[in-house]
Amino acid sequence: MKFLHRSLSLLFIVVCSLSWVTASANSHDDFLECLYSYHPNESSSITQVIYTETNSSYLALLNSSIRNQRFSTPNTPKPLVIVTPLNISHVQATIYCAKKHGLEIRTRSGGHDFEGLSFVSPVPFVVIDLVNLRSVDVDVENEEAWVQSGATVGEVYYRINERSTNLSFPAAVFRTVGIGGSISGGGDGSLFRKYGLSADNVIDAQLVDANGRVLDRRSVGEDLFWAIRGGGGGSFGIVISWKIKLVHVPSTVTIFSVGRTLEQNATQLLHRWQYVAPNLPNDVYPVVTISTTNASENGTKTVLATFVSLFQGGANEFIPLMQERFPELGLVKEDFIEMTWVESLLFMNGLSNETSEILLDRSNRYTILPPFVKSKSDYVREPMPEIALQGLLLHLLEVDEGGTAVQNFYAYGGIMDEISETETPFPHRNGTLYKISYVIAWQEEENNNSQRYISWMSKLYSYMGPFVSKSPREAYVNYRDLDIGSNNYYGKTSYKQASNWGRKYFKNNFDRLVYVKTKTDPKNFFKHEQSIPPRLHYST
């Protein structure tokens, strides 16, 4: 019986694969014809934003914002068509024609999806790339802005700073992250301990649903407005733009960045950091980056923990605060650097020698890590014992020279402790000490051996299980990780199966997300391997 089940499963996969080829051949021309005829008077306009594999710019466009080259190999499924809409009608036409001809849609803003879900699909699909929809319209007087989803975080920061050096927005740190994708998953960053997440500071949105309707907060209703602010991208529709609330930043901020190796008590300092960082004032953004270096006293490879903090204020206030709260770190006056807010954005991106215009650069050319990446995440609610941290750091020394491993600890606390878990779908609030991101990266010439790096990551993740959040083991939806579970792409997904990954990202908010999905997209048009399924698509 087991052999028969396996044989039928293999047959099903083969049939699906053949169906993919057949659907590709049959749907491609029909889909294009549909687009051209959707608005006959605008056929020349929409022709300008359609790219097929016969177009000389197709591959360059597809690869232009793929941040993880694991999803840019010859074997990676490619979209039949890429559409780069110039207006909402182009988005509506693409949705209508994709539905009519049985194609799926993936929507890309910045291309940072850790599993490539914004531009890869196992079935025939179309990519809507929002690169042309990236305006940032700032209203200084009302301290608001309308930002289109295709804008990067860097573009949003730059355009706000262009109008006012004392206003900004609580968004992600890294400049090439797409603002649309970041908000859809929550969006934490260097201001979130004081002002909350990106999603907490959205006051309206413009969305195109599965029926092609253009909706705002009033017309979508509070349930759907709640769901799109942290419920993950690709489940409910395509958000064209967001109305955001701007926040105040001072004229002067202060940063320190100091490194300590294992030989300089990095383990003990990291252990102490767990107690200090989440309880620092809301104006402080504390981070630790952990990597390997050859800077040990005898020249051998060791672990380096770099302690970084950004303070919204001057050094005269920050120095005594840190010397009182964290004397073990041994900070001295020379460690503290005052700068403007926009200069701090460059600093946190490793671009201190650049001008602010670099925030407008959407390319990958300043990326520090190798291009092939696997990432995972955890949330910590109880301080880890020192011996456990020692084991974590020593895992880094197991990575061979072909790979680069980095662990980042992001302190929570601050206003995040005061916001209810149910305020938005993002639930990692009160009681969270810090978030950990794990990254392993390797060069193209090492990609044939990629499994050894992914196995290392799995081993590390398993090791951390006893020390992180439990029931569920939480994860950040903006750090997509298919290892924690995925939907049955060619069949129905059980509620239990969807809950495997859903509760890790959203905890009990997952049930409300399912309710919203069932009400707004019952036929599950917008879907991917970790999209929210409607109730009718699974059984209990």
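The values are calculated or read from the model by the stated rules, or taken from the named source; none is laboratory data. Computed from a prediction, not measured in an experiment: that's the story for all the values here. Don't worry about glycine lacking a Cβ; one is built from the backbone with ideal geometry, like all the others, and counts go over all protein chains shown. Protein only, heavy atoms only, side chains kept; ligands, DNA and RNA dropped before computing areas. Shrake-Rupley method; radii C 1.70, N 1.55, O 1.52, S 1.80 Å.
Quick notes on this structure:
Here's the yes/no breakdown for (1) open to solvent by 10 Å² or more (accessible area, probe 1.4 Å); (2) more than 30 Å from residue 246 (Cβ to Cβ); (3) hydrophobic (A, V, I, L, M, F, W, C); (4) in the same structural domain as residue 440 (by the TED database):
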{"position": "40", "(1), (2), (3), (4)": "yes, yes, no, no"}
{"position": "64", "(1), (2), (3), (4)": "yes, no, no, no"}
{"position": "76", "(1), (2), (3), (4)": "yes, yes, no, no"}
{"position": "140", "(1), (2), (3), (4)": "yes, no, yes, no"}
{"position": "148", "(1), (2), (3), (4)": "yes, no, no, no"}
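- Screening segment 401-422 for residues that are touching an Asp or Glu at 6+ places or on another chain (Cβ under 9 Å) and of a type outside the set (A, V, I, L, M, F, W, C) and picking the one that is farthest from residue 227 (Cα to Cα) gives 402.
- Residues that are open to solvent by 10 Å² or more (accessible area, probe 1.4 Å), over 14 Å from residue 290 (Cβ atoms) and modelled with pLDDT of 95 or more, drawn from segment 399-430: 414, 415, 417, 418, 419, 420, 421, 422, 423, 430
- Residue that is on the phi > 0 side of the Ramachandran plot and either assigned to a helix (DSSP H, G or I) or open to solvent by 20 Å² or more (accessible area, probe 1.4 Å) (or both), where the choices are 102, 111, 154: 102
- When residues in segment 338-375 are screened for being surrounded by 18 or more Cβ atoms within 10 Å (Cβ to Cβ) and of a type in the set (Lys, Arg), 2 of them pass.
- Looking only at segment 286-327, and only at residues there that are touching a Lys or Arg at 6+ places or on another chain (Cβ under 6 Å) and not hydrophobic (A, V, I, L, M, F, W, C), the one that is nearest to residue 254 (Cα to Cα): 292
- Scanning segment 431-467 for residues that are among the hydrophobic types (A, V, I, L, M, F, W, C) and open to solvent by 10 Å² or more (accessible area, probe 1.4 Å) yields a total of 5.
- Selected residue (criterion: surrounded by the most Cβ atoms within 10 Å (Cβ to Cβ)) from residues of segment 181-198 that are over 13 Å from the mean Cα position of the chain (by Cα) and not in a loop (DSSP other than H, G, I, E, B): 193
- Residue in segment 515-534 that is acidic (Asp, Glu) and either open to solvent by less than 30 Å² (accessible area, probe 1.4 Å) or in the same structural domain as residue 401 (by the TED database) (or both) present: yes
- Members of segment 231-284 found to be touching a strand residue (DSSP E or B) at 6+ places or on another chain (Cβ under 8 Å) and under 30 Å from residue 120 (Cα atoms), listed by number: 233, 234, 236, 237, 238, 239, 240, 241, 242, 243, 244
- Qualifying helices (runs of 4 or more DSSP H) (wholly inside segment 423-540; at least 3 residues being closer than 21 Å to residue 187 by Cα and aromatic (Phe, Trp, Tyr)): 495-506
- Failed item, numbered, when residue 74 is tested on (1) farther than 30 Å from residue 189 by Cβ; (2) at pLDDT 95 or above: (2)
- Residue match in segment 254-266 (condition: among the acidic types (Asp, Glu), in contact with a Ser or Thr (Cβ under 9 Å, 6 or more places away or on another chain) and buried (at least 20 other Cβ atoms within 10 Å of the Cβ)): no
- From the list 173, 131, 126, 120, the one residue that fits, being in contact (Cβ under 8 Å) with a residue 12 or more places away in the chain and either part of a strand (DSSP E or B) or touching a Cys at 6+ places or on another chain (Cβ under 7 Å) (or both), is 126.
- So residue 511, is it over 22 Å from residue 400 (Cβ atoms), open to solvent by less than 40 Å² (accessible area, probe 1.4 Å) and of a type in the set (Asp, Glu): no
- Inside segment 209-224, residues that are crowded, with 21+ Cβ neighbours inside 10 Å and touching a helix residue (DSSP H, G or I) at 6+ places or on another chain (Cβ under 6 Å) make up a count of 1.
- Scanning segment 437-462 for residues that are under 22 Å from residue 288 (Cβ atoms) and either touching a Leu at 6+ places or on another chain (Cβ under 9 Å) or among the aromatic types (Phe, Trp, Tyr) (or both) returns 438, 439, 440, 441, 456, 460, 461.
- In segment 267-293, the residue that is surrounded by the fewest Cβ atoms within 10 Å (Cβ to Cβ) out of those that are under 15 Å from residue 414 (Cβ atoms) and either in contact with a Cys (Cβ under 7 Å, 6 or more places away or on another chain) or hydrophobic (A, V, I, L, M, F, W, C) (or both) is 276.
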